[in-house]
1. Between VAL189, VAL152, which is touching a Gly at 6+ places or on another chain (Cβ under 8 Å), surrounded by 21 or more Cβ atoms within 10 Å (Cβ to Cβ) and not in a loop (DSSP other than H, G, I, E, B)?
2. Could you run through region 324-346 and say how many residues are more than 15 Å from THR258 (Cα to Cα) and crowded, with 18+ Cβ neighbours inside 10 Å?
3. Among the residues of region 115-141, write down those that are under 23 Å from LEU33 (Cβ atoms), outside any helix (DSSP H, G or I) and touching a Ser or Thr at 6+ places or on another chain (Cβ under 9 Å).
4. Looking only at region 302-330, which residues are aromatic (Phe, Trp, Tyr) and under 14 Å from the mean Cα position of the chain (by Cα)?
5. Counting residues that are more than 30 Å from LEU116 (Cα to Cα), which helices (runs of 4 or more DSSP H) fully inside region 1-91 reach at least 1?
6. Is it fair to say GLY270 is out of contact with any helix residue (DSSP H, G or I) (no Cβ under 7 Å at 6 or more places or on another chain) and modelled with pLDDT under 95?
7. For the structure I just gave you, tell me whether THR317 is buried (at least 19 other Cβ atoms within 10 Å of the Cβ), closer than 26 Å to ASP24 by Cβ and either hydrophobic (A, V, I, L, M, F, W, C) or outside the structural domain of VAL21 (by TED's automatic domain parsing) (or both).
Amino acid sequence: MTEQALDPVRKEQFAERMLRVLNDSCLGYLCSLGHRTGLFDVMAGLPPSTSPQIAEATRLDERYVREWLGGMTVGGFIEYDPARGTYRLPPEHAASLVRAAGPGNLASFMQDLAMLGNVEDKVLDAFRRGGGVPYSAYPRFQELQAEETARVYDAALVDTIIPLVPGLPERLSEGVNALDIGTGQGHAVNLLARAFPASQFLGVDISDTGIAAAREEAELLGLDNARFVVSDSAELAGTYDLITAFDVIHDLARPERTLSAVAGALRDDGVFMMGDIAASSRLEENIGHPLGPTLYTFSVFYCMTVSLGEGGAGLGTVWGTQRALQMLGEAGFDDVEVREVEGDILNVYYVARKSRNSGR
């Protein structure tokens, strides 16, 4: 394309956007460090302080702290007073950066950037050769996923998400048998087991380390109604009144088989609650989604490629509501409601019941 064919205004605007992308990407890495080191948490409770004071309060190396503060200052995260040489984290910024913010803490998500960067060469190879990147290539994934979902579960699982199903809190209080597939480190199961002691909960996952962490937490909480087993979600045993799957189906190699197994394991009056990504199956409807680029990036670097790495379906993060409803119907769920939690732009919840005439 010749220079004369270019729209100079559009060219300049996009060049400026690329600079913003570069700077914001770098700030993401600094945010990850701010979260992992506890710098954000500590600074939220400090008055305007010097770099040595902040380093002492966080027990970190002052030279690194000073350089990090420089990046956070020019990035607009932290306020700097050059006359006094002090730094301040505004409370309005802290509301999106500190652990105490719960679901509002976005700095935690920035840890994923380094994890994704670690597998870039493997993903590049998959672009050229096909296939995917194995789950084993992501040693911190389950740890990060557990931290991210725990913020949501702690704040909303018992009091907001479970009540999306009319009558479910009452049934859990009376006592049911419940199963959580792809349970990870089991935090959701343990929260429900503690809240509803009359019910019995089982969490299954293919990860030995995840199940070990789940059992450890259950023991620390003194729960005798939470059990965890290493098992493939596509091979379910027993029958249940409630089956849950939180942010797991789109990652699976055999999602259709798992959904059919869920339908087969669900009692006639049972409920399947599937939490997954709030997006459309149609690309054009995801333009303008507040997390659109993030969702597609996570799909390329984790969700899609891990499934393809197992020779699976490769649904991807943005499989979307339309595809989810289609697959639930094909599995035998003809009564499906889509529920949302106000203020949650990431998740949507499918409340699914089996067809009475499916024979499942």
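The values are calculated or read from the model by the stated rules, or taken from the named source; none is laboratory data. Only a predicted model underlies this, so the values are computations on that prediction, with no experimental measurement involved. Every residue, glycine as well, gets a Cβ built from its backbone with ideal geometry; the counts of neighbours run over all protein chains shown.
1. Going through VAL189, VAL152 in turn, just one is touching a Gly at 6+ places or on another chain (Cβ under 8 Å), surrounded by 21 or more Cβ atoms within 10 Å (Cβ to Cβ) and not in a loop (DSSP other than H, G, I, E, B): VAL189.
2. Of the residues in region 324-346, 2 are more than 15 Å from THR258 (Cα to Cα) and crowded, with 18+ Cβ neighbours inside 10 Å.
3. Correct list: VAL119 only.
4. Scanning region 302-330 gives a single hit, TYR302.
5. Output list reads 8-37, 51-58.
6. Considered against the rule, which asks whether it is out of contact with any helix residue (DSSP H, G or I) (no Cβ under 7 Å at 6 or more places or on another chain) and modelled with pLDDT under 95, GLY270 comes out as no.
7. Answer is yes for this residue.
Here's the yes/no breakdown for (1) at pLDDT below 95; (2) aromatic (Phe, Trp, Tyr):
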| site | (1), (2) |
| --- | --- |
| PRO103 | yes, no |
| ALA114 | yes, no |
| ASP121 | no, no |
| LEU124 | no, no |
| GLY130 | no, no |
| TYR138 | yes, yes |
| PHE141 | yes, yes |
| GLU148 | yes, no |
